[in-house]
Amino acid sequence: MPFGAETLHDGRTRFRLWAPSARSVELVVGDGNESRAMKMPMESGGWCELVTTAPPGTRYRYRIDGTLDVPDPASRYNPEDVHGPSMVIDAAAYEWPDESWRGRPWNEAVIYELHVGTFSPDGTFAGVERRLDYLAKLGVTAIELMPLADFPGKRNWGYDGVLPYAPDATYGAPEDLKRLVAAAHARGVMVLVDVVYNHFGPEGNYLHAYAAPFFTERHHTAWGAAINFDGSESRPVRDFFIHNALYWLDEYHVDGLRFDAVHAILDDSKPHILVELAETVRKGPGRHRHIHLVLENDHNEARYLEYHGDSPRWYNAQWNDDQHHALHVLLTGEKDSFFVDYAQDAVKHLARTFAEGYVYQGEPSPFRGGKPRGEPSAHLPPVACVNFLQNHDQVGNRALGERLVALTTPERLRVATAAWLLAPATPMLFMGEEFAASTPFLFFCDFEPQLAQAVTEGRRREFGGFTQFTGTSESVIPDPNHPDTFERSKIDWLALERPEHASWLEFYKKLLAVRRDRIVPRLAGTDGHAGRYTIFGDGAIAVAWTLGDGSTLELRLNLLDTLTRAGSPPQGELLHCEPANAANAFDAGELPANASAIYLQRASR
């Protein structure tokens, strides 16, 4: 790794920093009266490097121009938070017990997104590890950890990280994360990590002081000046993030990465940073084991998801907001904000997401002022979409953090859940949804006082104009910086002792077992253009997919309150019907109100 502190075989440590804007850089090793400062030689291209005695566990920082002490931007561990010193870590010290692990094929992925700080009472990597048996029995084959990069304060979603190489000390030390990954692999569970390469958080980012070319005014994002991926001196910037991806995959043995909001990664050069990064991963750790790369991309750029057989050229899949939004409109009736794009023809939009992936494949988006959005996606295999009913964004970006179970009826939610989990696209659950958790997931952070006040006021202005808050006090909207907002967001595992929550858990287990046993074995070899849909009456749908073994999977779904007739009854074996007593109506060629059924017709010999 060309950045940061690397322990050497002779017991010394090499320290390396890119500081093109600094006049001088000193390495400060140790704490307090025991610290010593050593001048770092300046090399060409803005690099500083020094090799000295500094065993693992040594605290260190860089002194810029004799006045400003900063942590290592490639720190492997910052035990005193983002403003404190970094710590030398021996990357090879942990003895991995998973050397035979090669991961799992993407076709087998059932993802469970979780936030380490709110998933368990203690909010640590060890707390997640204690729930791995539970997740494996549920039917989860991959956990996706919301961003781990060191963030300011004691609590944060993770998208305000400023030290991308350092797992936040609130969750535990680096070896604690490695133990979690190894324990997951021992249970056949993959681990994905959410990474943020589109911006740095607003507190604790010192790069401006000594590496100004890290940012550019040529592009702007919602967070201000963009990260410099295509201007002069952008090579070290690109390498910083490419090596960060390799770091998580190699040093922590994780099985894949989810890339946050790549539509805000602005790069006019060729190859685009997303292409260069993916190709580097595929030629590196991806040669020896299954590595999965997933995008969040509001632009619906299907170009990054091209497949050769069952192997992606670059990225395995994209989070499919389109399906979530169409389902959400049908389940809740909400039509505010971006949901306006799905309010008209919501059923048709939903059918298209099941069969083709995206709703917006180049069509104008009303929410975006009529600008075209997206690229054709029907040619992609179904698993190139990660579909979900809930995730951290769609719950946490609500003012009150309500989960879907609070916004629709249990009966309709079960109908939608059965349809979504048994479709061939890659499913993702959000922590707690499998037992209808009633605890909210709120937006929370822990910034310094002035920034904290600005964030709280901004959050309340953002939602103050919503109809549901008209005439109410701003205090109804939780303060993101108050510790109670974070505590309220923690999963209440005692809820599983109550029958209504235990029954939801059994429902999810049953559906995931059907998926594992009857659908997943047929997904390998499923090509693009596999899906086709039909709409009946005012809004019932049938979607059929030709799977890799030649069999046909058919979904029939009606989220309306009225019965509709189909042209013919479904073919094949009924895998699941929700509710169960609607099976006879489906078999008779009807689409009963608020019901779904899925059928499997084996390929003829």
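Close amide H partners of E363, meaning residues 5 or more places away or on another chain with modelled amide H under 5 Å apart, are R373.
Taken along its principal axes, the alpha carbon cloud of the range 72-124 reaches lengths of 42, 30, 21 Å, longest axis first.
Taking the Cα centre of the range 4-87 as reference, the dipole from Cβ charges on Lys and Arg (+1) and Asp and Glu (-1) amounts to some 160 debye. Most tightly packed first, judged by the mean number of other beta-carbon atoms within 10 Å of their residues, the peptides 546-557, 518-529 read 546-557, 518-529. Rank Q318, V281, V262 by how far each Cα sits towards the positive end of the charge dipole of the range 217-345 (+1 on Lys, Arg Cβ; -1 on Asp, Glu Cβ) and give me just the farthest. Farthest towards the positive pole: V281. Put a plus charge on the Cβ of each Lys and Arg, a minus charge on the Cβ of each Asp and Glu, and nothing anywhere else: the dipole of the range 527-601 about its Cα centre is then about 140 debye.
Overall shape of the chain was characterised from the C-alpha gyration tensor. The equivalent ellipsoid obtained from it has semi-axes of 44, 26, 23 Å, in decreasing order. Any idea how far the Cα center of the range 475-544 sits from the one of the range 8-57, in Å? The distance from the Cα centre of the range 475-544 to that of the range 8-57 comes to 49 Å.
Within the straight-line cut-off of under 18 Å between alpha carbons, the lysines reachable from K509 are K137, sequence neighbours fewer than 8 places apart in one chain being disregarded. For the range 195-335, pairs of C-alpha atoms spaced more than 17 angstrom apart make up 64 percent of the total. Applying both filters, DSSP loop and at most 11 other Cβ atoms within 10 Å, to the GluC sites (Glu not before Pro) of the range 85-171 gives E95, E99. Shown in residue order for the range 393-399 are the 3J(HN,Hα) couplings computed by the Karplus curve 6.51 cos²θ - 1.76 cosθ + 1.60 at θ = phi - 60°: 5, 6, 9, x, 7, 7, 4 Hz (x for Gly and Pro). Kindly work out what percent of the DSSP beta bridges joining two residues of the range 107-252 are antiparallel, to the nearest 5. In the range 107-252, approximately 45 percent of DSSP beta bridges are antiparallel ones.
Ranked for footprinting exposure by Cβ neighbours inside 10 Å, fewest first, H272, H299 give H299, H272. Computed about its Cα centre, the charge dipole of the range 139-268 is approximately 280 debye, with only Lys, Arg, Asp and Glu carrying charge at their Cβ.
Every helix of 4 or more DSSP H residues in the chain counts as -39500 (n - 2.57), and over all residues that averages to -7000 deg cm²/dmol at 222 nm.
Hey, which aspartates and glutamates would be in cross-link range of K510, C-alpha to C-alpha under 13 Å, not counting anything within fewer than 8 residues on its own chain? Of all the aspartates and glutamates, those that pass the test against K510 - Cα under 13 Å, at least 8 places apart if same chain - are E434, E578. Structural descriptor for the chain: relative contact order 11 percent, calculated from alpha carbon pairs under 8 angstrom and at least 6 residues apart. Counting only DSSP beta bridges with both residues in the chain, the antiparallel share comes to about 70 percent. Within the shell defined by Cβ-Cβ distances under 12 Å, the residues around A346 carry a net charge of -2, with Lys and Arg each +1 and Asp and Glu each -1.
We did not get these values from a lab; they are worked out from the coordinates using the rules stated. In this text, all values refer to a predicted model and were calculated from it rather than measured experimentally. So basically every Cβ, Gly included, is an ideal-geometry build from the backbone, and we count neighbours across all protein chains shown.
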